[in-house]
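Asker: Shown below is the structure under consideration.
None of the figures in this text is laboratory data; all of them are computed from the coordinates on show. Small disclaimer: the values here were computed from a predicted structure and weren't measured. Using ideal geometry, Cβ is built from the backbone for each residue, glycine included, and neighbour counts are taken over all protein chains shown.
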Amino acid sequence: MAFWTMIALAAGLTSMEPLQAQAPAQSSAQSQTTPDPDAVQVEDVTVAATLRDAQLRARVDTFIESNMAPPAGRPLARWNKPVCVATAHLTPQYAQAVIDRVAQRIIEAGGDVAGPGCKVDVMIVGTDDGAQMAKALVKDDPRGYRPARGATDRGRAALQRFQEGEAPVRWWHVSLPVNIDTGEIAVRLDGEEYPTNTVRESSRLRSNVRDDLARVVIIVDFTRTTQVRMSALVDYVAFIALAQVNPEGDLAGQDTILNLFTRPDEITEMTRWDRDYLAALYRATPNRFTLQAQTRGIADEVVHGRRDR
């Protein structure tokens, strides 16, 4: 009360006696401005949720920058049609089990699976010499691995690395820029004429072109996978079938099936993060102009997906 008395006297508004009479009113005012515990709790929850969302967005940004590898200058591609999965050089029992689990992961991510007799999109090849198998496949169909000089794959040097080394699993993605409305190829392929595409009204946020996965070849060297569980290995393959994973990515500290061969005793299947990322990739708007814009869209989907749980 001494503080308020000094303020009142300094202003010449009152004397000590009236101020004492007003003391109860002051006490009432103080009680009215006491913070509501429920309001404080709601504010704390809001701040915590905002911080969590920011952390998730940063995590998506790091994951894509470190571990995804679309063709230079292109956004991430994904499947935009039912996917046909096949195997080669696997026993019938293993072949069907692999196809079924990969198909399950495709559906969980939001994709679709083609029926019997379909044209192969994802080929999973078993071998005891991954490098030799890769060389043989590329030699047999060089154009199938590089259908254009740009915009469809990671380039000549990366294709050479695909045919070298001792990786237990190696892979090659081919994607195609296509017209968002018609699905027609929007880039010139080697030996073909330049395509003609109808361009609708432009937008600052969305392109008339999206990037579709067109072919994925995954080679598994079974002489180098004995330390991992078969179910985990197939989940590893499924992730690669769904997304343009960088074989030379930086996986340090990341909770993902892609760390299978560095932590074989810990990882038994796709992690929650893997499933959230793939689902977001397949929900996000596919025809963003840049990889950066697409990354923001995927991050939005990861955040919204976790809020809905």
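Asker: I need the peptides 76-83, 184-191 ranked by packing, meaning the mean over residues of other C-beta atoms within 10 angstrom, with the highest value on top.
Answerer: For the peptides 76-83, 184-191, the packing ranking is 76-83, 184-191.
Asker: Which of LYS139, LYS119 comes first, and how do the rest follow, when ranked by fewest Cβ neighbours within 10 Å?
Answerer: Numbers: LYS139 10, LYS119 7.
In increasing order of surrounding Cβ atoms, one gets LYS119, LYS139.
Asker: When we measure straight from the Cα of LYS135, which aspartates and glutamates land under 20 angstrom away, once same-chain ones fewer than 8 places off are left out?
Answerer: Excluding near neighbours in sequence, the set is ASP121, ASP153, GLU164, GLU166, ASP221, GLU248.
Asker: So, in nm, how far is label GLU248 from label ASP129 when the simple model puts each one 7 Å beyond its Cα toward the Cβ?
Answerer: With each label placed 7 Å out from Cα toward Cβ, I get 2.5 nm.
Asker: For LYS119 and GLU166 in one chain, what is 0.36 nm times their gap in residues minus the Cα-Cα distance, to one decimal in nm? Write down the numbers at each step before the final one.
Answerer: Working: separation 47, 0.36 × 47 = 16.92 nm, distance 2.98 nm.
Contour length minus the Cα-Cα distance gives 13.9 nm.
Asker: I would also like to ask the following. Please work out the FRET efficiency for the pair GLN93 and SER66, using the Cβ-Cβ distance as r and a Förster radius of 30 Å; give the result to the nearest 0.05.
Answerer: Values: r = 37 Å, r/R0 = 1.22.
Calculated transfer efficiency: 0.25.
Asker: May I ask you to list the lysines whose Cα is less than 21 Å away from that of LYS81, ignoring any residue fewer than eight positions away on the same chain?
Answerer: Result set, ordered by chain and number: LYS119.
Asker: Amide H neighbours of TRP79 under 5 Å, at least 5 residues apart or on other chains, H built in the peptide plane: list them.
Answerer: For TRP79, whose amide H was placed from the backbone, the distant partners under 5 Å are LEU213.
Asker: Here is a further query. In nm, what is the difference between 0.36 nm times the number of residues separating SER231 and LEU189 and their Cα-Cα distance? All intermediate terms of the calculation are to be shown ahead of the outcome.
Answerer: Details: separation 42, 0.36 × 42 = 15.12 nm, distance 3.75 nm.
Here the segment from SER231 to LEU189 would lengthen by 11.4 nm.
Asker: Using the Cβ atoms and a cut-off under 14 Å, what net charge is assigned to the surroundings of PRO247, where Lys and Arg are +1 and Asp and Glu are -1? Before the final figure, lay out each step's value.
Answerer: Values: positive: ARG154, ARG161, ARG170; negative: ASP153, GLU164, GLU166, ASP221, GLU248, ASP250.
Within the 14 Å Cβ shell, the charges total -3.
Asker: Can you put THR226, THR285 in order, fewest other beta carbons within 10 Å first? Present the calculation step by step, with values, prior to reporting the outcome.
Answerer: Numbers: THR226 8, THR285 15.
Going from least to most buried by this count: THR226, THR285.
Asker: Just to confirm a number: summing +1 for Lys and Arg and -1 for Asp and Glu over residues other than ASP190 whose beta-carbon lies under 10 angstrom from that of ASP190, what do you get?
Answerer: +3
Asker: Spelling out what I want: for every residue of region 274-287, take phi, set θ = phi - 60°, compute 6.51 cos²θ - 1.76 cosθ + 1.60 (Karplus), and round to whole Hz; glycine and proline get x.
Answerer: Per-residue couplings from phi come out as 4, 5, 5, 5, 5, 4, 5, 4, 8, 9, 5, 4, x, 10 Hz.
Asker: Place the peptides 109-115, 295-301 in order of packing, highest mean first, counting for every residue the other Cβ atoms within 10 Å and averaging per peptide.
Answerer: Packing order, densest peptide first, comes out as 295-301, 109-115.
Asker: A further question follows. How high is the FRET efficiency between ASP112 and ALA136 when r is their beta carbon distance and R₀ equals 30 Å, given to the nearest 0.05?
Answerer: Details: r = 31 Å, r/R0 = 1.04.
So, using R0 = 30 Å, E works out to roughly 0.45.
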